Amino acid sequence: MLAVEYHSNTDVRIVERPIPAIGPGELLVRLQACGICASDVMEWYMRPRAPVYPGHEPVGIVEAVGEGVEQFAVGQRVFVHHHVPCMVCHFCQRGSFSQCPTFRATRLDPGGLAQYIRVPAPNVQLDVLGLPEDLSFEAATLIEPLACCVRGITRAQLQAGDSVLVLGAGSNGLMLAQLARQRGAVRVMIVDPIAYRRQRALDAGIDLALDPQEGRLLDQVCAVNAGRRPDIVIVTPSSIGAMQEGIELAGPGGTVLLFAPPPPTEVLPVTPHQFFFQEITLRTSYSAGPYETRQALDLLRRRRIQSESLITHRFALQDAAQAFQLVAKPGDALKVVIVP
């Protein structure tokens, strides 16, 4: 079979690998579509582990079932989550699934960007989801990233009547902004220097799309937010500069949510005085668990998220190198999907 093998953003190879053999409780899934995530092109994260077999947003058709599998059948359409928690450890009991050792140890074989994927038994038991016939495979690739956004909005502790500012109008930023509106935000603003993305945000029903190059961003925000800073600021870029700006923009009593990680050597300078006297909360959100994937599937099934407008580019598996380069320097691209 063919699989994507990552060495760097400019060295993505299509290699031949044997079709994985499955054991008891496992599934073999034939890939139908898989999104490429921004984390797939974070070279500081990916290159030290190369060669890597990436892809963590796959959906497909069950090709074979292992002994003891009763809840899935050959030919069934499924979403496959790459990580699953144990549900019994200290972290799981607190709802911190991404901190669970089992969550961090489980993974797909070889990865989501392969013609065939072996799904380990723990994943099969907990977070393989059957897909309804009226949800396309392409739309279903958004289950995993949307689940991360659901978790992010929950961790931001958004309250009805809050004003929300999202930095970055990529696919995650657009989903976060739509979720903020659904959770009761009175005003949702999004910031991006790319005109195409700002227009996509407006098309998705976001109240305001601001250009950071048109003047001081704080002045722009206050001008459209009754003179106030936003209650919630969600920072989707992984840059320290964006994180600093998010903190500076947050209003008193507000929350700043960091949605993507910077390299481990970078340091975020903060002013404790500001955090203390303005009671600003800084939170992060990493990945998603089985509760959020089910919520994401339900949102997509009920068309609460405009999935069709988020997927802008499609590539065959053999053209994955071109797809990775586009995600690394997206320009007018939003979500890029591999459709073998």
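Please work out if ARG118 is charged (D, E, K, R), closer than 30 Å to ASP219 by Cβ and modelled with pLDDT of 95 or more. Talk me through it step by step, then tell me what you get.
Values: charged (D, E, K, R): yes; closer than 30 Å to ASP219 by Cβ: no; modelled with pLDDT of 95 or more: yes.
Answer is no for this residue.
When ASP332 is tested against (1) at pLDDT 95 or above; (2) over 24 Å from ALA114 (Cβ atoms); (3) in contact with a strand residue (DSSP E or B) (Cβ under 8 Å, 6 or more places away or on another chain), just one condition goes unmet, and that condition is (1). Taking the conditions exactly as written (buried (at least 20 other Cβ atoms within 10 Å of the Cβ), in contact with a Lys or Arg (Cβ under 9 Å, 6 or more places away or on another chain) and in a strand (DSSP E or B)), does VAL12 satisfy them or not? Taking the combined requirement at face value, the residue does not satisfy it.
Quick one: how many residues across the range 1-10 are without any contact (Cβ under 8 Å) to a residue 60 or more places away in the chain and over 16 Å from HIS56 (Cα atoms)? The qualifying residues number 2. Against the list (1) touching an Asp or Glu at 6+ places or on another chain (Cβ under 8 Å); (2) within 20 Å of GLU138 (Cβ to Cβ), the condition PRO290 fails is (2).
Note on the range 30-67: residues that are in contact with a Lys or Arg (Cβ under 7 Å, 6 or more places away or on another chain) and hydrophobic (A, V, I, L, M, F, W, C) total 1.
For the range 247-340, list the strands (runs of 3 or more DSSP E) that sit wholly inside it and hold at least 1 residues that are of a type in the set (Phe, Trp, Tyr); which are they?
Details: elements: 255-258, 281-284, 311-315, 335-338.
Fully inside the range 247-340 and qualifying: 311-315.
In summary, GLN159 fulfils each of the numbered conditions (1) of a type outside the set (Lys, Arg); (2) surrounded by fewer than 23 Cβ atoms within 10 Å (Cβ to Cβ); (3) assigned to a helix (DSSP H, G or I) with the single exception of condition (3).
Number of residues in the range 213-231 that are at pLDDT 95 or above and not in a helix (DSSP H, G or I): the value is 8.
The conditions of being surrounded by 14 or more Cβ atoms within 10 Å (Cβ to Cβ) and touching a Gly at 6+ places or on another chain (Cβ under 8 Å) are met by THR281. Of the residues THR271, THR265, which is exposed (fewer than 14 other Cβ atoms within 10 Å of the Cβ), at pLDDT below 95 and hydroxyl-bearing (Ser, Thr, Tyr)? That would be THR271, the only listed residue that is exposed (fewer than 14 other Cβ atoms within 10 Å of the Cβ), at pLDDT below 95 and hydroxyl-bearing (Ser, Thr, Tyr).
Suppose we keep only residues that are of a type in the set (D, E, K, R) and touching a helix residue (DSSP H, G or I) at 6+ places or on another chain (Cβ under 9 Å) within the range 268-300. Which one would you say is nearest to VAL150 (Cα to Cα)?
As a first pass, look at the range 268-300 and keep what is of a type in the set (D, E, K, R): 279, 283, 292, 294, 298.
From what's left, touching a helix residue (DSSP H, G or I) at 6+ places or on another chain (Cβ under 9 Å): 283, 292, 294.
Numbers: ARG283: 14, GLU292: 6, ARG294: 10 Å.
For the range 268-300, the residue satisfying everything is GLU292.
Regarding the range 93-114, can at least one residue be identified that is within 18 Å of ARG30 (Cα to Cα), among the hydrophobic types (A, V, I, L, M, F, W, C), surrounded by fewer than 20 Cβ atoms within 10 Å (Cβ to Cβ) and not assigned by TED's automatic domain parsing to the domain that holds GLY173? Can you show your working first?
Narrowing the range 93-114 to residues within 18 Å of ARG30 (Cα to Cα): 107-114.
Retained after the next criterion (residues that are among the hydrophobic types (A, V, I, L, M, F, W, C)): 108, 113-114.
Now drop any that are not surrounded by fewer than 20 Cβ atoms within 10 Å (Cβ to Cβ), which leaves none.
There is no residue in the range 93-114 that is within 18 Å of ARG30 (Cα to Cα), among the hydrophobic types (A, V, I, L, M, F, W, C), surrounded by fewer than 20 Cβ atoms within 10 Å (Cβ to Cβ) and not assigned by TED's automatic domain parsing to the domain that holds GLY173.
Of the residues PRO330, PRO272, PRO252, PRO237, the single one that is touching a residue at least 40 places away in the same chain (Cβ under 8 Å) and either β-branched (Val, Ile, Thr) or not assigned by TED's automatic domain parsing to the domain that holds LEU126 (or both) is PRO237.
The values are calculated or read from the model by the stated rules, or taken from the named source; none is laboratory data. Since the structure is predicted, the reported quantities are computational estimates derived from the model, not experimental observations. Positions of Cβ are backbone-derived with ideal geometry, glycine not excepted, and every protein chain shown enters the neighbour counts.
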